[in-house]
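S.K.: Handing you this structure, nothing more for now.
Read-outs throughout are calculated quantities, based only on the coordinates presented, and are distinct from any laboratory measurement. Source: prediction; values computed, not measured. In this analysis, Cβ positions are derived from the backbone assuming ideal geometry, glycine residues included, and neighbour counts consider all displayed protein chains.
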There are 2 protein chains.
Amino acid sequence: MRLSRYFLPLLKETPAEAQIVSHRLMLRAGLIRQEAAGIYAWLPLGIRVLNKIKEIVHEEMNRAGAIEILMPTLQSADLWRESGRYEAYGKEMLRIKDRHDRELLYGPTNEEMVTEIFRGYVRSYKSLPLNLYHTQWKFRDEVRPRFGVMRGREFLMKDAYSFDIDKEAARKSYNRMYVAYLRTFARMGLKSIPMRAETGPIGGDLSHEFIVLADTGESQVFCHSDLLDMPIPGEDTDFDGDLEPIIKSRTDLYAATEDVHDQDRFEAEVPEGKRLSARGIEVGQVFYFGTKYSAPMKAVVAGPDGKEVPVEMGSYGIGVSRLVGAIIEASHDEAGIIWPEPVAPFDVALINLKSGDAATDAACEDIYARLTKAGVEVLYDDTDERPGAKFASMELIGIPHQLIVGPRGLKAGVVEVKNRATGAKEELSMDAAVNRFAPA
Amino acid sequence: MRLSRYFLPLLKETPAEAQIVSHRLMLRAGLIRQEAAGIYAWLPLGIRVLNKIKEIVHEEMNRAGAIEILMPTLQSADLWRESGRYEAYGKEMLRIKDRHDRELLYGPTNEEMVTEIFRGYVRSYKSLPLNLYHTQWKFRDEVRPRFGVMRGREFLMKDAYSFDIDKEAARKSYNRMYVAYLRTFARMGLKSIPMRAETGPIGGDLSHEFIVLADTGESQVFCHSDLLDMPIPGEDTDFDGDLEPIIKSRTDLYAATEDVHDQDRFEAEVPEGKRLSARGIEVGQVFYFGTKYSAPMKAVVAGPDGKEVPVEMGSYGIGVSRLVGAIIEASHDEAGIIWPEPVAPFDVALINLKSGDAATDAACEDIYARLTKAGVEVLYDDTDERPGAKFASMELIGIPHQLIVGPRGLKAGVVEVKNRATGAKEELSMDAAVNRFAPA
């Protein structure tokens, strides 16, 4: 993408309303624009990151055997009356009347709807296990939306729902999502720690929150520090196999959010030098809630003995839009964002230090063409801004690698490659630089 | 994907509420489920098609130089008061109040919001031309939603918006989208005909609807029949070049929807043997509306002479969810859907005629593994249904190619390959069959 043809509206000043660094940087780097309280438009750089995060989430869902669907944003109020949550949900639910005065709502979550879909078709345990997921916009009418996409009102969530014949099978489904989540967040460059958590309005008796540590995190968390360096299950993980050892290696170690924290247990179970107390950001949560929805909504299947039983369910959420903020909270410096490569909006920033200089332009065009042809995503700054301004912009938007081309270097036969995260610079020949990102 | 682990809820009976063939087939083939009037959930097979259509639309938008963004579903009523459309839009607009009694609405289209985004950042003609697009769920509160996704209330639309310094540049932007649309629909296996159309509530003085012919189309259309066989601009089309000849070759020939049809002109301009009068489905529409939104909303840029002028705009919509229905209307038979390859939910249906038979299972597993490894999307029917039921299901869901494996064929060293569209069958060796879909 040529910057001269792109839409990258960077802000010089830090917007006064932004209280946390991810919100400030998302506004300054032209990722989002607020359209109403807690409601954002995603600008070109922002949607690229959001799409990459969604893609990773979906790949790991598919790997774990979950199946994609897509439920609508609006739901019928009657559906929520069946579960008893319509009245219970309170003012966070956005209630709507259509032109015929029928009651709708903007879905804050989808347990009811997916249960309705399930009961509409599935009759036998032979169709189980089943796990259906979707990524769709949700709305929660927060009293005071703030922190940008970290606590917005309209937000993008991936939510998966598992259906099993009994508790044992449901536990296996839970484990599959637990392991998928470990992989998902690790692939985005995040260290996530699963922690026992309250189940809240979803209900149920087993839940883990996946927490990313960051100073600006919304909640206090307590855990064994070894949890920071556990191995991540590999691509070859057998999701049909026994995942319990992976889970147990983590649940054996103390980890809890402040809601369920037990200081005495913490001190008894964790050696003093390993006690980690920190701020954390929730990026996902998994729930097992049994028949909480299937029983009242009569989502039953015939078991092997022919008897009908309500299906055992769990739900599994990932805050897809919130992750954009969480990643920035976990990865930035004074100059701006530092994107982990898998979620970066572009792979390489190509900086032309002297647009208009024939040799420099030609070298940049050549590099741009070769990298683009190889499938490398390049943002090419071909504008006539000063080099200083170009550097500052690229530092701010945080593309992992900068490839800097100027007349002086070209005379010496070199271009400069800079790593955004480490700041390390190297001089390479043009061919070597191209080869670095697009190996022949 | 193994069918035994998939969620493919097929209906034996045709639902009584479905009046047109695409709606019937979408319900029967397990593509969608109605959740409220005009509001649908997309089941696994359906979301795969929807994703493929969206992907093609985005590729062609990007090729034509448009830039992806993503605007939220909910919008502030105040924004629409600026353009004067809040009161004018009528009951099709879903109006919402949040917990603080602030007026929101579920966006039926995004001219106002994108104009607000533009004016927030762009100051100079040097940033133009600019074309921003997104694909987002919209809501129009139809009095009587019907025909499934063809006239739903919550629907997925791609809408692009162009910004230019003057009419001449705006016309070029319009032409780019016109050509992109020709390519987009052709890639989905559709013959689309651009027709002059009314501008309706969007406004402006130039508009074309892209119409797909189908007996169940919602409107009568009239055109020169040569328009059915015009060449489609290639992948190498230069969108920076002069597209006028491509446009002119079409606009020279009479084509109009019933709203703007002029029978006298039709008869005067079109030789009798070339007069086509047929039913059509609108799958996209392009508008040039100049300063209709930029003037009242003060989206102005400084021109080369330093004077501020309101920006010239156009908008360009494609009904992404509607296209699923439109493609089925245009491509089906008595037995079910016939997906054009580029939008098919799977490339190949692998049918095991005798699940449980060791040799047949082994052959199927081998084929499945080899095709999947090569990136071919295979739906493998590994269930123990009867062959007749398996055939009927695969005909219904319309996967373009069937690969049929049974004990008798295997003894003779062959498997059968069947083309869903033509019904043509071939016997091939296993290797030749695999090679057909995954050339070595």
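S.K.: If Lys and Arg each add +1 and Asp and Glu each add -1, what is the summed charge of the other residues whose beta carbon sits under 10 Å from the beta carbon of A:Pro345?
M.R.: Numbers: positive: A:Arg48, A:Lys52; negative: A:Asp347, A:Glu377.
Taking every other residue near A:Pro345 into account, the sum is 0.
S.K.: Sort shortest first the distances from B:Arg146 to its counterpart in every other copy, using label points 7 Å along the Cα-to-beta-carbon line, and give them in nm.
M.R.: Result for B:Arg146, in nm, nearest copy first: 5.2.
S.K.: By how many nm would the segment from B:Asp357 to B:Met230 lengthen if fully extended, with 0.36 nm per residue of separation less the alpha-carbon distance?
M.R.: On the way: separation 127, 0.36 × 127 = 45.72 nm, distance 5.14 nm.
Length difference between fully extended and current span is 40.6 nm.
S.K.: Oh, and also: Here are some pairs, A:Lys52/B:Lys12; B:Lys248/B:Lys274; B:Lys52/B:Lys126; which of them have Cα atoms lying more than 28 Å apart in this structure? Walk me through the numbers before you get to the answer.
M.R.: Numbers: A:Lys52/B:Lys12 39 Å; B:Lys248/B:Lys274 18 Å; B:Lys52/B:Lys126 35 Å.
Correct reply: A:Lys52/B:Lys12; B:Lys52/B:Lys126.
S.K.: Determine the shape class of the stretch A:164-206: with a ≥ b ≥ c the square roots of the Cα gyration tensor eigenvalues, call it rounded for a/c under 1.5, and otherwise prolate if a/b is greater than b/c, oblate otherwise.
M.R.: Values: a/c = 3.16, a/b = 1.48, b/c = 2.13.
The shape class here is oblate.
S.K.: List the aspartates and glutamates whose Cα lies under 13 Å from the Cα of B:Lys292, skipping any in the same chain that are fewer than 8 positions away.
M.R.: Cross-link targets: B:Glu82, B:Glu111, B:Glu112, B:Asp205, B:Glu312.
S.K.: Same structure again: So what's the net charge close to A:Val320: Lys and Arg +1, Asp and Glu -1, counting the other residues with Cβ under 14 Å from its Cβ? Each step should come with its number before you reach the end.
M.R.: Details: positive: A:Arg48, A:Lys52, A:Lys54, A:Lys138, A:Lys158, A:Arg187, A:Arg322; negative: A:Glu55, A:Glu59, A:Glu60, A:Glu68, A:Glu154, A:Asp159, A:Glu282.
Computed value for this residue: 0.
S.K.: Show me B:253-263, A:42-52 ranked by packing, highest mean number of other Cβ atoms within 10 Å first. Don't skip to the answer; put the middle values down first.
M.R.: Working: B:253-263: 17.2, A:42-52: 22.2.
My ranking of the peptides, most packed first, is A:42-52, B:253-263.
S.K.: Using the scaling law 2.2 N^0.38 Å as the reference, what is the normalised Cα Rg of the stretch B:86-174?
M.R.: Values: Rg = 16.3 Å, N = 89, 2.2 N^0.38 = 12.1 Å.
Ratio of Rg to 2.2 N^0.38 Å for the stretch B:86-174: 1.34.
S.K.: Evaluate peptide B:97-104: per residue, the Cβ atoms of other protein chains within 10 Å of its Cβ; return the mean as an integer. It would help to have the intermediate numbers written out before the result.
M.R.: Values: counts 4, 12, 10, 4, 0, 2, 1, 10.
Neighbouring Cβ atoms belonging to other protein chains average 5 per residue here.
S.K.: Right, another one. Below 8 Å, C-alpha to C-alpha, sequence gap of six or more: please give me the relative contact order for chain A in percent.
M.R.: Working: 879 pairs, mean separation 73.7, N = 440.
Relative contact order here is 17 percent.
S.K.: I'd like to know which of A:Val348, A:Ile337, A:Ala389 lies farthest towards the positive end of the charge dipole of the stretch A:291-391, counting +1 on Cβ of Lys and Arg and -1 on Cβ of Asp and Glu.
M.R.: About the Cα centre, the residue reaching furthest to the positive side is A:Ile337.
S.K.: Let me check I have the definition right: for the stretch A:264-395, take the eigenvalues of the Cα gyration tensor, multiply each by 5, take square roots. What are those semi-axes in whole Å, largest first? Could you put the intermediate results ahead of the total?
M.R.: Details: eigenvalues 543, 134, 28 Å².
Equivalent-ellipsoid dimensions as semi-axes: 52, 26, 12 Å.
S.K.: For the protein assembly as shown, take the convex hull of the Cα atoms, compute a quarter of its surface area, and give me that in nm², please.
M.R.: On the way: hull surface 158.8 nm².
Mean shadow area of the hull around the Cα atoms is 39.7 nm².
S.K.: Find the Rg to Rh ratio for chain B, where Rh is the Kirkwood radius over alpha-carbon pairs and Rg uses the same atoms. The partial results should precede the final answer.
M.R.: On the way: Rg = 24.4 Å, Rh = 23.8 Å.
Reported Rg/Rh, Kirkwood definition of Rh: 1.02.
S.K.: Cross-link partners among lysines for A:Lys373, C-alpha distance below 19 Å, same-chain residues fewer than 8 apart left out?
M.R.: Hits, sequence-local ones excluded: zero.
S.K.: What is the diffusion coefficient of the stretch B:305-382 in µm²/s, taking the Kirkwood radius over Cα pairs and the Stokes-Einstein relation at 20 °C with a viscosity of 1.002 mPa s? Mind dumping the intermediate values first?
M.R.: Working: Rh = 16.7 Å.
For these conditions, the coefficient is 128 µm²/s.
S.K.: To the nearest µm²/s, what D does Stokes-Einstein give for the stretch A:1-133 at 37 °C and 0.692 mPa s, using the Kirkwood radius over alpha carbon pairs as Rh?
M.R.: Working: Rh = 18.6 Å.
Rounded to a whole number, D works out at 176 µm²/s.
S.K.: Please order A:Thr109, A:Thr14 by the number of other Cβ within 10 Å, starting at the fewest.
M.R.: Details: A:Thr109 20, A:Thr14 13.
Exposure proxy ranking, most exposed first: A:Thr14, A:Thr109.
S.K.: May I ask you to derive the FRET efficiency for A:Ala335 and A:Arg436 from their Cβ-Cβ distance with R0 = 25 Å, giving the value to the nearest 0.05? Write out the running numbers ahead of the final one.
M.R.: Values: r = 22 Å, r/R0 = 0.90.
E between A:Ala335 and A:Arg436, to the nearest 0.05, is 0.65.
S.K.: Around B:Glu13, with a cut-off of 11 angstrom between Cβ atoms, what is the net charge of the other residues, counting Lys and Arg +1 and Asp and Glu -1? Present the calculation step by step, with values, prior to reporting the outcome.
M.R.: Numbers: positive: B:Lys12, B:Arg24, B:Arg28; negative: none.
Residues near B:Glu13 contribute +3 overall.
S.K.: Going 7 Å from the Cα of B:Arg102 toward and past its Cβ, which residues in the stretch B:294-316 have a backbone nitrogen under 13 Å from where you end up?
M.R.: What the label zone holds, given the 13 Å backbone N cut-off, is no residue at all.
S.K.: Can you compute the radius of gyration and Dmax for the stretch B:192-247, using only the Cα atoms, both in Å?
M.R.: For the stretch B:192-247, the Cα radius of gyration and maximum Cα-Cα distance read 13.8, 38 Å.
S.K.: Quote the charge dipole size of the stretch A:15-71 about the Cα centre in Debye, to the nearest 20; the model charges only the Cβ of Lys and Arg (+1) and of Asp and Glu (-1). Display every interim value, and only then the final one.
M.R.: Numbers: 7 positive and 6 negative charges, 49 e Å.
Computed charge dipole of the stretch A:15-71: roughly 240 debye.
S.K.: Plugging the Kirkwood radius over Cα pairs into Stokes-Einstein for the stretch B:291-346, at a temperature of 4 °C and a viscosity of 1.567 mPa s, what D comes out in µm²/s? Intermediate results must be reported in sequence, preceding the final value.
M.R.: Details: Rh = 15.2 Å.
D = 85 µm²/s.
S.K.: Now a separate question. If you take the beta carbon distance between A:Glu308 and A:Thr14 as r and set R0 to 51 Å, what does 1/(1 + (r/R0)^6) give as a FRET efficiency, to the nearest 0.05? Intermediate values should be presented prior to the final figure.
M.R.: Details: r = 60 Å, r/R0 = 1.17.
Working from the Cβ atoms, E equals 0.30.
S.K.: Between B:Leu403, B:Ala421, B:Ala326, whose Cα lies farthest towards the positive end of the dipole of the stretch B:310-427 when Lys and Arg beta carbons carry +1 and Asp and Glu beta carbons carry -1, centred on the Cα centre?
M.R.: Toward the positive end, the furthest listed residue is B:Leu403.
S.K.: Please report how far the C-alpha centroid of the stretch A:157-214 lies from that of the stretch B:279-333, rounded to the nearest whole angstrom.
M.R.: Between the Cα centres of the stretch A:157-214 and the stretch B:279-333 lies a distance of 42 Å.
S.K.: Given H placed on each backbone N at 1.01 Å, which residues far from B:Gln136 in sequence or on other chains put an amide H within less than 5 Å of it?
M.R.: Residues meeting the criterion, in which the H sits 1.01 Å from N, are B:Met157, B:Asp159.
S.K.: How big is the dipole moment of the protein assembly as shown about its Cα centre under a simple scheme where the beta carbon of each Lys and Arg is +1, that of each Asp and Glu is -1, and everything else is neutral? Debye, nearest 20, please. Don't skip to the answer; put the middle values down first.
M.R.: Numbers: 112 positive and 136 negative charges, 100 e Å.
With only Lys, Arg, Asp and Glu charged at Cβ, the dipole is about 480 debye.
S.K.: Shifting gears a bit: Compute the relative contact order of the stretch B:72-163 as a whole-number percentage, counting only Cα pairs closer than 8 Å that sit 6 or more residues apart in sequence.
M.R.: Numbers: 121 pairs, mean separation 26.2, N = 92.
It comes to 28 percent, rounded to a whole number.
S.K.: Which percent of Cα pairs goes in each bin when the distances of the stretch B:88-246 are cut into 10 angstrom slices starting at zero?
M.R.: 8, 29, 36, 21, 5, 1
S.K.: Treating each Cα of the stretch A:174-267 as an identical point scatterer and ignoring solvent, apply the Debye formula and state log10 I(q)/I(0) at q = 0.10, 0.15, 0.21 Å⁻¹.
M.R.: -0.27, -0.60, -1.16
S.K.: Next up: Distances from B:Asp305 to the same position in the other copies: list them in nm, one decimal, shortest first, using label points 7 Å from Cα along Cα→Cβ.
M.R.: 8.9
S.K.: For chain A, what is the calculated [θ] at 222 nm in deg cm²/dmol (nearest 500), taking -39500 (n - 2.57) for each run of four or more DSSP H residues and dividing by its residue count? Present the calculation step by step, with values, prior to reporting the outcome.
M.R.: Values: 13 runs with 137 residues, N = 440.
The helix contribution divided over chain A gives -9500 deg cm²/dmol.
S.K.: From the label point of B:Lys248, set 7 Å along Cα to the beta carbon, how far off in nm is each other copy's matching point, shortest first?
M.R.: 7.8
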